[in-house]
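Worksheet for the structure shown next.
The values are calculated or read from the model by the stated rules, or taken from the named source; none is laboratory data. Just so you know, these numbers come straight off a predicted model, no measurement behind them. So basically every Cβ, Gly included, is an ideal-geometry build from the backbone, and we count neighbours across all protein chains shown. Protein only, heavy atoms only, side chains kept; ligands, DNA and RNA dropped before computing areas. Shrake-Rupley method; radii C 1.70, N 1.55, O 1.52, S 1.80 Å.
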Amino acid sequence: MTRADGTKDRKPPTNANAPARTHAERDAASFAVSSGPGIKSIEGGGLHRFLVESVTDYAIFALDTSGHILSWNEGARRIKGYTADEIIGRHFSTFYPAEDLAAGKPKWELEVAVRDGRFEEEGWRIRKDGSRFWANVVIMTLRDETGTHVGFAKVTRDLTERRAAEMALRESEERFRLLVHSVKDYGIFMLDPEGRIASWNEGARRIKGYTEQEILGKHFSVFYPAEDLAAGKPKMELEVAVAVGRFEDEGWRLRKDGTRFWANVVITTLRNAAGEVIGFTKVTRDLTERRAAEEQALADARRITEAEVANKAKSQFLAAMSHELRTPLNAIGGYTDLIELGVAGLVSDQQKGYLSRIKGSQRHLLGIITDLLNYSRMEAGQATYEQVPVPLHAVVETVLPLLEPQAAAKGVVLEHGGCAEGPVARADRTKTEQIVLNLLSNAVKFTPALGKVTVTCRVADAQVRIAVTDTGPGIPADKYEAIFEPFVQLGRTLTSPHEGTGLGLAISRDMARAMGGDVLVESVVDEGSTFTLTLPRT
């Protein structure tokens, strides 16, 4: 544009690379130019001055060429805390923290603004009360019509709240990242929309065997066995996750070394604010041990069930056979008695000997069958107990005479070692007598000729006891429990076989425990043994 004197206006130089200025920056420049001493108002400076002064969200003020403050708007007062009277004329370095002053930052910023036409940054600034705030700062160089540098326009925005929110978000994201990365029991990682692995945590490394460097960028189908790949399972899982937001499954997956593990897998779809799929999160848990435990428990339960069925069948068989066998044996005993009485004619001495052997065998078989029947009843839970007061002396006096013939025939002395009328048990009398009979029968059976078997009774606190002591060969201590096992026949000498089923002691202990007592044993090899029946005292 040519002036009246023939000279041309000189436009200030422009920076083609400088970013476009905001309205606030343009207003600040206009305001600063109109405010500078001796500088004419441009672009309607009065209007712009009014607009700039009324802005409250931005601190907009002018600096002279050395950085001293020339103007001050309402936004500057609100953000920095100074009134115009307090701050105009002071250097703008007033707003900088000590570390920036020591580094010469204010001077450097003005030099950059002069060189490039504009300076912008974010950093800490100081309010009048000494508190810090996080500021976005823009400094623009002002030039007159001749291009002469006349000052600066400075726009400051308080971003403290925004920065705090950003920092809080960043810290939250960092804590979450550290949390996810440190989880070891779950493989947690992200997939892009195509299923390629975008992140990897420590749990994923431990479970699957890949390091982060080895797996990032690979498709997640690398973890699936051949049969799943052939069936298109990885693609199907992502499709389901997209359709319903989530997919969950349990199945076999592959580790880096090719081994399989049983996994619980959850895939969750990630969407942006517009609802577009931006990826997936995938959580994998190794359930191999749990699955093995469940399978083992199922197998154990199946075996237990089969064993229970077998035991029940065995008990039913033993009970049925015992009944069936007792009937003919009772008939054998009855007819033998009739023949001995001469009902069918006179019987010779030789025949009486034969009949005695028949009756002895019949009694032996009947005892075995009775033991089997009692044992089968107890195994089947069919045994019943009538708990009543039972005087111990009455039990001993009832049982002892039954064993005297057997003891006399073998040359064993059977002694009543003392059993006063005081001790009274709370028990089933029939079963108590059966236990004592078993203990005495065993003692006589295993005691050699000229030996002795003694029965005693006593009270011990809340218990009463019947003890059967013999002078047999004794039992080693490591065999104490074995002799109470069903169908075990050790024999006191551990060398010679003895008649019986090996059920007597097992049945005796089971019955005693069912009544709240027990059968105990103490023995010294080559000296003898003592079996003690304990029962609750009334």
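Structural remarks
- Of all residues in region 250-274, those that are at pLDDT 95 or above have Cβ atoms under 7 Å from Cβ atoms of residues that are part of a loop (DSSP other than H, G, I, E, B) and of a type in the set (Phe, Trp, Tyr), 6 or more apart or on another chain, in Arg253/Tyr224; Leu254/Tyr224; Lys256/Tyr210.
- Pairs with Cβ under 6 Å, 6+ apart, first in region 53-73 and hydrophobic (A, V, I, L, M, F, W, C), second in a loop (DSSP other than H, G, I, E, B) and open to solvent by 60 Å² or more (accessible area, probe 1.4 Å): Ala62/Leu70; Ile69/Ile88; Ile69/Arg90; Trp72/Ile88
- Where Ile188 falls short, out of the listed (1) hydrophobic (A, V, I, L, M, F, W, C); (2) more than 30 Å from the chain's Cα centre (by Cα); (3) open to solvent by 40 Å² or more (accessible area, probe 1.4 Å): (2)
- Filter pass, Gly258 being on the phi > 0 side of the Ramachandran plot and either among the β-branched types (Val, Ile, Thr) or surrounded by fewer than 10 Cβ atoms within 10 Å (Cβ to Cβ) (or both): yes
Condition check ((1) buried (at least 18 other Cβ atoms within 10 Å of the Cβ); (2) at pLDDT below 95; (3) touching a Cys at 6+ places or on another chain (Cβ under 6 Å)) across all residues:
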{"site": "Asn15", "(1), (2), (3)": "no, yes, no"}
{"site": "Gly46", "(1), (2), (3)": "no, yes, no"}
{"site": "Val52", "(1), (2), (3)": "yes, yes, no"}
{"site": "Tyr58", "(1), (2), (3)": "yes, yes, no"}
{"site": "Phe95", "(1), (2), (3)": "yes, no, no"}
{"site": "Lys105", "(1), (2), (3)": "no, no, no"}
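- Answer residue from region 125-144, given it is in contact (Cβ under 8 Å) with a residue 40 or more places away in the chain and part of a loop (DSSP other than H, G, I, E, B) and is surrounded by the fewest Cβ atoms within 10 Å (Cβ to Cβ) among those: Asp129
- Verdict on Lys154 being basic (Lys, Arg), over 30 Å from His219 (Cα atoms) and either modelled with pLDDT under 85 or not in a helix (DSSP H, G or I) (or both): yes
- Annotation note: Cβ proximity below 8 Å between a residue of region 338-358 that is open to solvent by 70 Å² or more (accessible area, probe 1.4 Å) and a residue that is at pLDDT below 70 (sequence gap 6+ or interchain) occurs for Leu338/Ala344.
- Among the residues of region 205-244, those identified as of a type in the set (Val, Ile, Thr) and surrounded by fewer than 13 Cβ atoms within 10 Å (Cβ to Cβ) are Thr211, Val244.
- The number of residues in region 511-535 that are of a type in the set (Val, Ile, Thr) and either open to solvent by less than 10 Å² (accessible area, probe 1.4 Å) or not in a strand (DSSP E or B) (or both) comes to 3.
- Filtering region 93-123 to residues that are at positive phi and touching a residue at least 24 places away in the same chain (Cβ under 8 Å) leaves only Gly117.
- On inspection, Leu440 passes the criterion of being at pLDDT 85 or above and among the hydrophobic types (A, V, I, L, M, F, W, C).
- Set side by side, the residues Gly422, Gly411, Gly418, Gly474 differ, and just one is free of Cβ contacts under 8 Å to residues at least 60 places away in the same chain and closer than 19 Å to Leu520 by Cα, which is Gly474.
- For the criterion of being under 26 Å from the mean Cα position of the chain (by Cα), surrounded by 13 or more Cβ atoms within 10 Å (Cβ to Cβ) and part of a helix (DSSP H, G or I), Arg253 fails.
- Residues being under 9 Å from Cys457 (Cα atoms) and either touching a helix residue (DSSP H, G or I) at 6+ places or on another chain (Cβ under 6 Å) or of a type in the set (S, T, N, Q) (or both) - total across region 415-433: 2
- Taken over region 416-428, residues that are at pLDDT below 90 and surrounded by 13 or more Cβ atoms within 10 Å (Cβ to Cβ) amount to 4.
- Residue in region 239-248 that is of a type in the set (D, E, K, R), touching a strand residue (DSSP E or B) at 6+ places or on another chain (Cβ under 8 Å) and outside any helix (DSSP H, G or I) present: yes
- Residues in region 261-279 that are surrounded by 13 or more Cβ atoms within 10 Å (Cβ to Cβ) and more than 19 Å from Arg196 (Cα to Cα) were compared, and the one that is farthest from the chain's Cα centre (by Cα) is Phe261.
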